[in-house]
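Colleague: Please read through the structure below; I'll follow up with questions.
The values are calculated or read from the model by the stated rules, or taken from the named source; none is laboratory data. Note that this is a predicted model, so its numbers are computed, not measured. Every residue, glycine as well, gets a Cβ built from its backbone with ideal geometry; the counts of neighbours run over all protein chains shown. Just so you know, the surface numbers come from the protein's heavy atoms only, side chains and all, with ligands and any DNA or RNA stripped out. Shrake-Rupley method; radii C 1.70, N 1.55, O 1.52, S 1.80 Å.
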2 protein chains.
Amino acid sequence: MGENEKWAGKSRALLKEKKVVMLNLIGSPGSGKTALLEKMAEKVSGAVTFAVLEGDIATTRDAQRLMAKNITASQLLTNGSCHLEAKLVHTALRDLPLETLDMVIVENVGNLVCPAEFDIGEHAKVAVLSVTEGEEKPLKYPLLFTEARAVIITKVDLLPHLSFNVDLCIQGIKQINPAIPIFQISPLKDIGMDACIAWITEHVSHV
Amino acid sequence: MGENEKWAGKSRALLKEKKVVMLNLIGSPGSGKTALLEKMAEKVSGAVTFAVLEGDIATTRDAQRLMAKNITASQLLTNGSCHLEAKLVHTALRDLPLETLDMVIVENVGNLVCPAEFDIGEHAKVAVLSVTEGEEKPLKYPLLFTEARAVIITKVDLLPHLSFNVDLCIQGIKQINPAIPIFQISPLKDIGMDACIAWITEHVSHV
């Protein structure tokens, strides 16, 4: 962990120097992290310039998916590891055109557990939870919801087909992290995106 | 890993002595592992006797949920760890009434990555993948699909509301593990359960 902290610190210094904000998106496989980024790029076009560091164990699909939408993206492969480490992120950060960016968004490996344990030099961790996963997940996987600065509940367009209890989910999150902002979105159906993106981009003004 | 292997070996010996099969269910948070077990208990009542070891980071919800359906279940808490280790499983196994059981099913911590790396003394790992997670997940998380002896695709009742491509998903799984049996189920709507349960219970005759 000492080695990881050292690299996280180097990234923090670099980001500060370049006046760039870095967020760390963490959620289960298929929770909708990439779809959120695609929609966000469409919505903030011109107003905020961001690049994405895509963390995956294997394949370059997600970076390709984003680049197809003209989003600056770089694929970070962990080769089996369940989370991104600070050194890999730092190396990738150095290759980004930071002078031209307001923000870097890291999409961590799909995993509700391990990525929450590792500092990668980000300004804020953001938890992404799909309504298909069940409302009790924050209580079952508390560390991420303790560490996160915001929770984004995704795929709310599927609610009519599920028994997911939104109130119970929010109650669970607030039990762990009482003052945390919570957004309910569907990038696919363009529900709740504006408030969520406003929170994300609001960070830009603070560095 | 040496220490883990030692405890896995002890469990294998114990299971052999007691003629009990052990399966290790692995999938993302909310992929439907517990719902599968609930439905299975209802379907095999009398024919196969099984107990469940419920792995979670926090809360005893899943074991309570199963016990409410008269399933013998024991909650294993990892206290933060992202997977079950063999020693914890072995200790819990010793507390089960193995003389009266045909099978023990371990529901691992919700995580598509780390549990696939750890032997807990099971006869077979079984991958559980929900259609809400996206059809490309086997290629993005290949280790589990290499290690597994079967894949159970869950929540197929939601397919009409999703863009999930079943054929592409199966193609991805077969690319990694060509001969693996794949089941498509919905415990909620009682779709595909019989073939899936037949595969699971068929293991009982082999020990």
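Colleague: For the pair A:Thr100 and A:Asn79, what calculated FRET efficiency results from E = 1/(1 + (r/R0)^6), where r is the Cβ-Cβ distance and R0 = 35 Å, to the nearest 0.05?
Modeller: The computed FRET efficiency comes out at 0.75.
Colleague: Moving to a separate point now. Report, in whole Å, the centroid distance computed from the Cα atoms of region B:77-91 and region B:102-120.
Modeller: First find each Cα centre; the distance between them is then 10 Å.
Colleague: Using amide H atoms built in the peptide plane, which far-off residues or other-chain residues are under 5 Å from B:Leu76 H to H?
Modeller: Distant-sequence amide H within range of B:Leu76: B:Glu54, B:Gly55, B:Asp56.
Colleague: If you don't mind, there's one more thing I want to ask. Using the Cα centre of region B:93-140 as the reference point, and only Cβ charges (+1 on K/R, -1 on D/E), how large is the resulting charge dipole? Debye, rounded to the nearest 20.
Modeller: 120
Colleague: Then there's this: I want to verify the translational diffusion coefficient of the protein assembly as shown in µm²/s; compute it with Stokes-Einstein, Rh as the Kirkwood radius over Cα pairs, at 10 °C and 1.306 mPa s.
Modeller: Value of D from the Cα-based Kirkwood radius: 72 µm²/s.
Colleague: If I measure Cβ to Cβ between cysteines in chain A, which ones have no partner under 4.7 Å?
Modeller: Isolated Cys, chain A: A:Cys169, A:Cys196.
Colleague: I would also like to ask the following. Based on the alpha-carbon gyration tensor of chain B and its eigenvalue square roots a ≥ b ≥ c, which shape applies: rounded if a/c is under 1.5, prolate if not and a/b is larger than b/c, or oblate?
Modeller: prolate
Colleague: Springs between alpha-carbon atoms under 10 Å, Gaussian network over chain B: tell me which of B:His123, B:His90, B:His161 tops the mean-square fluctuations.
Modeller: B:His161
Colleague: Quick one: label points 7 angstrom along Cα→Cβ at B:Gly9, distances to the other copies in nm, smallest first?
Modeller: 4.3
Colleague: Here is a follow-up. Would you calculate, for chain B, the mean residue ellipticity at 222 nm contributed by helices, counting each DSSP H stretch of 4 or more residues as -39,500 (n - 2.57) and dividing by all residues, to the nearest 500?
Modeller: So the helix-based figure for chain B works out to -10500 deg cm²/dmol.
Colleague: Moving on to the next point. Let's test the formula: R0 of 30 Å, r as the Cβ-Cβ distance of B:Asp167 and B:Asp194. What FRET efficiency results, to the nearest 0.05?
Modeller: Step by step, r from the Cβ atoms, then E = 0.85.
Colleague: Oh, and also: Cβ neighbours within 10 Å, averaged per peptide: list A:20-27, B:112-119 in order, most packed at the top.
Modeller: My ranking of the peptides, most packed first, is A:20-27, B:112-119.
Colleague: Nothing charged except the Cβ atoms of Lys and Arg (+1) and of Asp and Glu (-1): what's the magnitude of the dipole of the protein assembly as shown about its Cα centre? Round to the nearest 20 debye. Please report the intermediate quantities before stating the final value.
Modeller: Numbers: 42 positive and 50 negative charges, 36 e Å.
Dipole about the Cα centre, nearest 20: 180 debye.
Colleague: Same structure again: Shortest first and in nm with one decimal, please list how far the B:His161 label point sits from its counterparts in the other copies (point 7 Å along Cα→Cβ).
Modeller: Spelled out, the distances from B:His161's label point are 0.6 nm.
Colleague: Run the 1.4 Å probe and let me know the accessible area of A:Asp56, rounded to the nearest 10 Å².
Modeller: The accessible area comes out at roughly 0 Å².
Colleague: Give the relative contact order (percent, whole number) for region B:40-101; include only Cα pairs under 8 Å separated by 6+ residues.
Modeller: 35
Colleague: Then there is this: Please report the spacing between the Cα centers of region A:167-207 and region B:20-47 in Å, no decimals.
Modeller: First find each Cα centre; the distance between them is then 34 Å.
Colleague: Mind checking which of B:Asn165, B:Ala13, A:Cys114 is farthest towards the positive end of the protein assembly as shown's charge dipole, using Cβ charges of +1 (Lys, Arg) and -1 (Asp, Glu) about the Cα centre?
Modeller: Positive-most Cα among the choices belongs to B:Ala13.
Colleague: About the Cα centre of region A:1-45, what is the dipole size in debye to 20, counting +1 per Lys and Arg Cβ and -1 per Asp and Glu Cβ, all else neutral?
Modeller: For this selection, approximately 200 debye.
Colleague: Tell me, what is the percent relative contact order of chain A, built from C-alpha pairs under 8 Å that lie six or more residues apart?
Modeller: Over chain A, the number comes to 26 percent.
Colleague: A follow-up question, please. Read phi for every residue in region B:124-139 and hand back ³J(HN,Hα) as whole Hz from Karplus 6.51 cos²θ - 1.76 cosθ + 1.60, θ = phi - 60°, with x for Gly and Pro.
Modeller: 3J(HN,Hα) across region B:124-139, in whole Hz: 8, 8, 10, 8, 10, 10, 8, 5, 6, 7, x, 6, 8, 4, x, 6.
Colleague: When only C-alpha pairs under 8 Å and at least 6 residues apart count, what is the relative contact order of region B:101-207, in percent?
Modeller: Computed value for region B:101-207: 25 percent relative contact order.
Colleague: Using a 7 Å offset from Cα along the direction of the beta-carbon, what are the separations from B:Arg94 to the same position in each other copy, nm, ascending?
Modeller: So the label point of B:Arg94 gives 5.0 nm to the other copies.
Colleague: Net charge near B:Ile153, counting Lys/Arg +1 and Asp/Glu -1 over other residues with Cβ under 12 Å of its Cβ?
Modeller: -2
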